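Worksheet for the structure shown next.
The values are calculated or read from the model by the stated rules, or taken from the named source; none is laboratory data. Keep in mind the model is a prediction, meaning the values are calculated, not measured. Cβ atoms come from the backbone with ideal geometry, glycine included; neighbour counts cover every protein chain shown.
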């Protein structure tokens, strides 16, 4: 077991564009799965970032997402202890086009300023056991990548899972070996086998779960995509040259221009294809490093059943859930009370503003619910009910046409941006802590049970002036209450 | 069809002590089924009261309930248009002891000031089609009651219901006939028959649903209870004399003393037995007036399925409910979003603070859920989330240890009581309308988007000073937030 050590030219690339519609109502378009802290206290993306910081130099952490999520992700990661001072390079894909175009674009971008760049590409919304095995695995993968391989990380299967892809590990590759970790040639890829096949894979012992993690030199990524395109063995790998060409062209522009009309149009013209299909399955230079770690893609709400031990009737209950006579129910509540009675194999997921009740074997079809909700313009698909900020967090308690109520928590030593609103006035009531409020040219200090009025148009700022958390209830009143009615004059966090 | 006309000495007695635990989470201990306006806009008890006001003289309306519900009921009925000026005699049973003791106590109470009193006893939590048939039925029942009969109202069965009691109608009684309504002797009572028996009853045509409604002279009620006790044909009818004796003794005290220690103890010593068992099933002087009206005892949450037509897969959805691929689901939401996916025969009932998910065939066992919740002291069993008041209504939006947020709606021309709180301060923010606030010796007028602070100890009052509804958000802050921290100095509504 080796301690993590930096790998030369290693760039971590966190793919964080997923909408997480399979996790609704826990996830929302503006609060996707990677931002959920359901599993183990911190968000999945926070753990993904923590997983790679030891291997990378400062300035070589890249988060790939979409335009819409950019602010939310930035605020979220800046709010995480240990990450807030990290310099992160945010990349917004012009439109979502699956992983092959996204990885190609990132590779081309990296090559602009580091011709020797090695990428470690990680999903932002998976669960993975960290520790020594992970460290050894990455070290070996890094050295194979330097030699020109596209290196995948293959996990020792914990069961005959039919929802995952499998990689067959072929002959061992001579080279660096750290602890148990040693590279092998990737001999075959199989997507979602049936149960019988999955059992066979398990028995054989040389099949590994495809974790979707990749380590490779940026130049090799582009070269192998192009080679796959030229060979065009499959429909899905036939567009490699066009993908690389478009990626290189976009990367030649400042990244702030990637979402302009022409780049967006050209990127949108690419096929929506995963990197596995576009390159890994057809390339000859693919390695796999087998690793024995706990891993899950947290692919459906049924993952919630790992959060608590089942009761004597097989029910898993998380939060304020009371049951009478149910069997094999999974019920998850954030803060409200859920009662279940006489149910079998039902999944209940409750959030402050929406509840999902589903037959368990339909958990993978939650996206159909999200589609149905989109069809009726349900705001619960889009908006998150609470949101982390570099200065703390806010939670929406109530929203009506002409007013809304929020709870605002500000960390000691922090303050919100200096801002004003055109259409809404705000009433702030301090519940706990001490606030310093700037209102136009005045500075006012408020303790618990004191309040202040901020008329529409007033330039104002809220600051925690004490050394304990500050809690404020905000009642906003006005003919228009939208979050976009804000002018920011100055911000500590460069937003 | 006759128009309603007053019946001499008729006293309406509305039984409103039910806890409605079969309707949780819609009903709560302090917001039982009779107060729900789920069915048709106004509450079940409001409709029960409206049903009898035409037949009764002023001052002859009595509502029997328990001590705990008294204030809530009074506030509720005073808030109902058309009922607020009605003088209602509220009677609090010392302890719940089912209908025989409650009806006996009321009869003894009525006889103290009206020796010729005729009672029409109505449940407060049933659904009943009003109109001409009802009017004719009551008129005939009233005249039979005057002749000394215990008169039940029997409804033409709409199906072979196994959850109801049945009355077999015997030979016709000579006497008043109004429209289709004519009295018959009640030949037999059958509780909850099996399905085969219920079908047989339906075929025979002479069996009627027992609605639990009773019309009888107060003196006959006591006399027949005593006679049943003397004859003691069944265990459940053997205590009539003791019930009547205790009832007469309690009625000799001012009703405000019924809940004192000795009356409570004596009343608690009575058997908990329904009037049907204690008198009707054994008395020889029982009549039934058959009536063809829509009626339901709204006995379980499955009654909600009458609120909307089923969709093409048999799902009944009320409120913001989106479904994918479910069958025969009943889903009811008050304001939150509910999504159902792939369910069969499931009942979902959602309220702002609690959700019930049950297999439909277990709907009658919701009381088990309530018991389980009581065992863990869940506040959601007791507290109503919103409450009607003579001046308007309030809704609890959020409750924490050291603060709570309420929405308060005040009707034009109304004002709350003059009050103060020892432990909490209040911040009021006007959202809509114009408020006049008394704070100690000051009177302050506030428009929308204006606020005021009421420190703990301040004597204050909120009044709607405009001619449109007034909406105020109240943020209460303090180390103790309980509703019982209130001193009332003056109240428009005699509370």
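Figures for the structure shown
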read-out: All positions within the range A:135-169 that are part of a helix (DSSP H, G or I) and either free of Cβ contacts under 8 Å to residues at least 12 places away in the same chain or under 22 Å from residue A:275 (Cβ atoms) (or both); value: A:137, A:138, A:140, A:141, A:142, A:143, A:144, A:145, A:146
read-out: Hits in the range A:27-50 - residues which are over 13 Å from residue A:80 (Cβ atoms) and either touching a strand residue (DSSP E or B) at 6+ places or on another chain (Cβ under 8 Å) or assigned to a loop (DSSP other than H, G, I, E, B) (or both); value: A:27, A:29, A:30, A:31, A:32, A:36, A:38, A:39, A:40
read-out: Count of the range A:440-455 residues which are part of a loop (DSSP other than H, G, I, E, B) and either within 14 Å of chain B (Cβ to nearest Cβ) or in contact with a helix residue (DSSP H, G or I) (Cβ under 6 Å, 6 or more places away or on another chain) (or both); value: 5
read-out: Single match in B:11, B:76 (criterion: crowded, with 23+ Cβ neighbours inside 10 Å and over 29 Å from residue B:277 (Cα atoms)); value: B:76
read-out: Where residue B:387 falls short, out of the listed (1) within 9 Å of chain A (Cβ to nearest Cβ); (2) closer than 18 Å to residue B:475 by Cα; value: (1)
read-out: Qualifying residue in the range A:289-302 (condition: modelled with pLDDT of 95 or more, assigned to a strand (DSSP E or B), touching a strand residue (DSSP E or B) at 6+ places or on another chain (Cβ under 6 Å) and facing chain B (nearest Cβ under 10 Å)); value: no
read-out: Residue check for residue A:361: in the same structural domain as residue A:24 (by TED's automatic domain parsing) and surrounded by fewer than 20 Cβ atoms within 10 Å (Cβ to Cβ); value: no
read-out: From the options B:309, B:352, residue that is modelled with pLDDT under 95 and in contact with a strand residue (DSSP E or B) (Cβ under 9 Å, 6 or more places away or on another chain); value: B:352
read-out: Complete set of residues in the range A:120-134 that are more than 18 Å from the chain's Cα centre (by Cα) and either farther than 20 Å from residue A:15 by Cα or not in a helix (DSSP H, G or I) (or both); value: A:131, A:132, A:133
read-out: Residue A:459 surrounded by 14 or more Cβ atoms within 10 Å (Cβ to Cβ) and either within 12 Å of chain B (Cβ to nearest Cβ) or farther than 24 Å from residue B:401 by Cα (or both); value: yes
read-out: Exclusive hit being in contact (Cβ under 8 Å) with a residue 40 or more places away in the chain and not assigned by TED's automatic domain parsing to the domain that holds residue B:129, set B:307, B:250; value: B:307
read-out: Odd one out for residue A:427, checked against (1) over 24 Å from residue B:347 (Cα atoms); (2) at pLDDT below 95; value: (2)
read-out: Filter result for the condition that a residue is more than 18 Å from residue B:474 (Cβ to Cβ) and over 35 Å from the mean Cα position of the chain (by Cα), over A:435, A:448, A:458; value: A:458
read-out: Checking residue A:489 against (1) part of a strand (DSSP E or B); (2) surrounded by fewer than 18 Cβ atoms within 10 Å (Cβ to Cβ); (3) modelled with pLDDT of 95 or more, the condition it does not meet; value: (3)
read-out: Residue B:198 vs. criteria assigned by TED's automatic domain parsing to the domain that holds residue B:139, assigned to a helix (DSSP H, G or I) and either in contact with a helix residue (DSSP H, G or I) (Cβ under 6 Å, 6 or more places away or on another chain) or within 21 Å of residue B:276 (Cα to Cα) (or both); value: yes
read-out: Qualifying position, being surrounded by 18 or more Cβ atoms within 10 Å (Cβ to Cβ) and assigned to a loop (DSSP other than H, G, I, E, B), among B:270, B:225; value: B:270
read-out: Selection from the range B:333-381 of residues that are in a strand (DSSP E or B), more than 8 Å from chain A (Cβ to nearest Cβ) and within 21 Å of residue A:345 (Cα to Cα); value: B:347, B:349
read-out: Any hit, the range B:70-86, residues being modelled with pLDDT of 95 or more and within 14 Å of the chain's Cα centre (by Cα); value: no
read-out: Odd one out for residue B:328 among (1) facing chain A (nearest Cβ under 10 Å); (2) farther than 22 Å from residue B:385 by Cα; value: (1)
read-out: Candidates A:397, A:388 - the one that is within 24 Å of the chain's Cα centre (by Cα) and at pLDDT below 95; value: A:388
read-out: Number of the exception - residue B:244 against (1) part of a loop (DSSP other than H, G, I, E, B); (2) buried (at least 16 other Cβ atoms within 10 Å of the Cβ); (3) at pLDDT 95 or above; value: (1)
read-out: Which listed residue is more than 11 Å from the chain's Cα centre (by Cα) and either in the same structural domain as residue A:104 (by TED's automatic domain parsing) or crowded, with 22+ Cβ neighbours inside 10 Å (or both), from A:59, A:17; value: A:59
read-out: Test: residue in the range A:51-67 that is touching a residue at least 60 places away in the same chain (Cβ under 8 Å), under 29 Å from residue A:335 (Cβ atoms) and not in a loop (DSSP other than H, G, I, E, B); value: no
read-out: Scan of the range B:268-289 for residues that are over 16 Å from residue B:104 (Cβ atoms), touching a residue at least 60 places away in the same chain (Cβ under 8 Å) and out of contact with any helix residue (DSSP H, G or I) (no Cβ under 8 Å at 6 or more places or on another chain), ordered by number; value: B:288
read-out: Residue tally, condition surrounded by fewer than 24 Cβ atoms within 10 Å (Cβ to Cβ) and over 23 Å from residue B:284 (Cβ atoms), over the range B:129-152; value: 9
read-out: One residue from A:397, A:416 being buried (at least 16 other Cβ atoms within 10 Å of the Cβ) and away from every other protein chain (no Cβ under 14 Å); value: A:416
read-out: Unmet requirement for residue A:32, which otherwise passes all of (1) surrounded by fewer than 23 Cβ atoms within 10 Å (Cβ to Cβ); (2) assigned by TED's automatic domain parsing to the domain that holds residue A:163; value: (1)
read-out: Residue within the range B:249-264 that is under 27 Å from residue B:146 (Cα atoms) and buried (at least 17 other Cβ atoms within 10 Å of the Cβ) present; value: yes
read-out: Criterion (within 14 Å of chain B (Cβ to nearest Cβ), at pLDDT 95 or above and either within 25 Å of residue B:432 (Cα to Cα) or part of a strand (DSSP E or B) (or both)) met by exactly one of A:437, A:472; value: A:472
